[in-house]
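The values are calculated or read from the model by the stated rules, or taken from the named source; none is laboratory data. Everything numeric in this text was worked out from a predicted model, so none of it was measured. Cβ coordinates were reconstructed from backbone atoms using ideal geometry, including for glycine residues, and neighbour counts include every protein chain displayed. SASA here: full protein model, heavy atoms, side chains in, ligands and nucleic acids out. Shrake-Rupley method; radii C 1.70, N 1.55, O 1.52, S 1.80 Å.
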Amino acid sequence: MHALVTGASSGIGREIARLLAKRGYDLILVSRREERLRQLKEEIETSCGVAVEVKPCDLSRIGNVRKLFEECSGYDIEVLINNAGFGKIGFFEDIEEEHELEMIATNVAAPYLLTKLFLDKMKRGYIMNVSSLAAFQPNPKMAVYGASKAFINSFSKAVGYELKRQKKPIYICTLCPGPVDTEFNDVAKGHFNVKAMSHGRCARIAVEGMFRKKRMVIPGFLMKLVYFASKLAPDAMRLPISYCIQDKKTRQQ
Ligand SMILES: NC(=O)c1ccc[n+]([C@@H]2O[C@H](COP(=O)([O-])OP(=O)(O)OC[C@H]3O[C@@H](n4cnc5c(N)ncnc54)[C@H](OP(=O)(O)O)[C@@H]3O)[C@@H](O)[C@H]2O)c1
């Protein structure tokens, strides 16, 4: 019984890997930083007694995603966590095209393809696609990131519903966190202006929700309120609020 976790070298993905190991899953850990994955392997194998495979992979290359799937064809994958992803704060015209294309490949194309390939192979199990609260409204100064997560929400809910109608015992859960204390901001070049949730708490709520077959998990009461407010507000309100939130992230603290 294997679980594959992408983006396991840091933050939410690393915590999810630890939690799945505690539940007895053998793991396949994926990200680019091999050394980090090897450290986590050693820690988990010692503390949980499960087997851990390390697969260093740059998921922004579609050929690598296919190769990863082929390398995993011998495993009985019951849990797939599509967590790897990153954002970048700034005006659309200021962010380099290559950077945004890499973001779209990592945040959209890789989870799309891994879901497609593994679904065909899985007989039962769980898929978690990590999205964001940013998925629920357009995000000026984080336009491509927000759009990439909106794709994940729409796609995951639709495919999850198809599986339900086909009575297949595979459940797709979309995780939509608000601010979480990880390396996300170092990569995105910003900082949060509100208190971020710990990655441990976020991962715990996510894993519990997934195994309870929840279609969507929004960790934290306040973030659930933000979600409902965002659903009700017109774009004329959401756009300036969203702009101010992202803009503040790049101002001096
Ligand atoms: N933190 C937040 O506030 C927040 C809020 C909402 C949603 N999220 C989402 O949560 C997910 C996890 O992010 P995090 O907050 O835990 O940030 P993080 O600490 O920066 O972790 C991101 C992970 O993704 C991996 N990754 C990035 N690009 C990759 C690539 N091209 N190929 C393979 N792996 C790649 C990184 O590993 P390597 O660098 O080793 O490759 C790392 O393990 C992301 O999808 C993010 O969008 C985060």
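Taking the Cα centre of the chain as origin and assigning +1 to Lys and Arg Cβ atoms and -1 to Asp and Glu Cβ atoms, the resulting dipole is close to 1240 debye. Of all lysines in the structure, the ones whose alpha carbon falls short of 19 Å from that of residue 248, not counting any fewer than 8 places away in one chain, are 88, 141, 189, 195.
Residue ranges 123-136, 7-20, 65-78 sort as 7-20, 123-136, 65-78 when ordered by packing (mean number of other C-beta atoms within 10 Å per residue, highest first). Annotation: amide H of residue 217 within the under-5 Å range of 174, 175, 176, sequence separation 5 or more or interchain, hydrogens built in the peptide plane. The relative contact order of the chain, computed from alpha carbon pairs under 8 Å that lie at least 6 residues apart in sequence, is 19 percent.
Loop-located GluC sites (Glu not before Pro) across the range 90-153 with a Cβ neighbour count of 16 or fewer within 10 Å are 96, with loop assigned by DSSP.
Amide H to amide H distances under 5 Å link residue 128 with 80, 81, 82, 173, where only residues 5 or more positions off or on other chains count and H is placed in the peptide plane.
Once the convex hull of the C-alpha atoms of the range 73-157 is built, how many Å³ does it hold per residue, rounded to a whole number?
On the way: hull volume 7.3 nm³, N = 85.
Looking at the range 73-157, the number lands at 86 Å³ per residue.
If a spin label sat at a point 7 angstrom from the Cα of residue 99 along the line to its beta carbon, the backbone N atoms of the range 44-70 nearer than 20 Å would be those of 59-61. Using the Karplus relation 6.51 cos²θ - 1.76 cosθ + 1.60 with θ = phi - 60°, the per-residue 3J(HN,Hα) values for the range 23-30 come to 7, x, 7, 6, 10, 10, 9, 10 Hz, with x marking Gly and Pro. Toward the positive end of the charge dipole of the chain, with +1 on the Cβ of Lys and Arg and -1 on the Cβ of Asp and Glu, the farthest Cα among 203, 16, 169 is that of 169.
Compactness of the chain was expressed as the Cα radius of gyration divided by 2.2 N^0.38 Å, which yields 0.97. Protein heavy-atom accessible surface, 1.4 Å probe, per residue over the chain: 50 Å². Computed from the C-beta positions of residue 231 and residue 158, the FRET efficiency with R₀ = 30 Å rounds to 0.95. Dividing the mean sequence gap of close Cα pairs (under 8 Å, 6+ apart) by how many residues the range 179-218 holds gives a relative contact order of 36 percent. Taking a straight line from the alpha carbon of residue 121, these lysines sit under 28 Å away, with near neighbours fewer than eight places off in the same chain left out: 22, 41, 55, 67, 149, 157, 164, 167, 168, 213, 214.
Amide hydrogen proximity for residue 141: with H placed 1.01 Å from N in the peptide plane, the residues at 5 or more positions away or on another chain lying under 5 Å are 92.
Under 15 Å of direct C-alpha separation, and excluding same-chain neighbours fewer than eight residues apart, residue 116 reaches these aspartates and glutamates: 70, 78, 162. Every helix of 4 or more DSSP H residues in the chain counts as -39500 (n - 2.57), and over all residues that averages to -15500 deg cm²/dmol at 222 nm.
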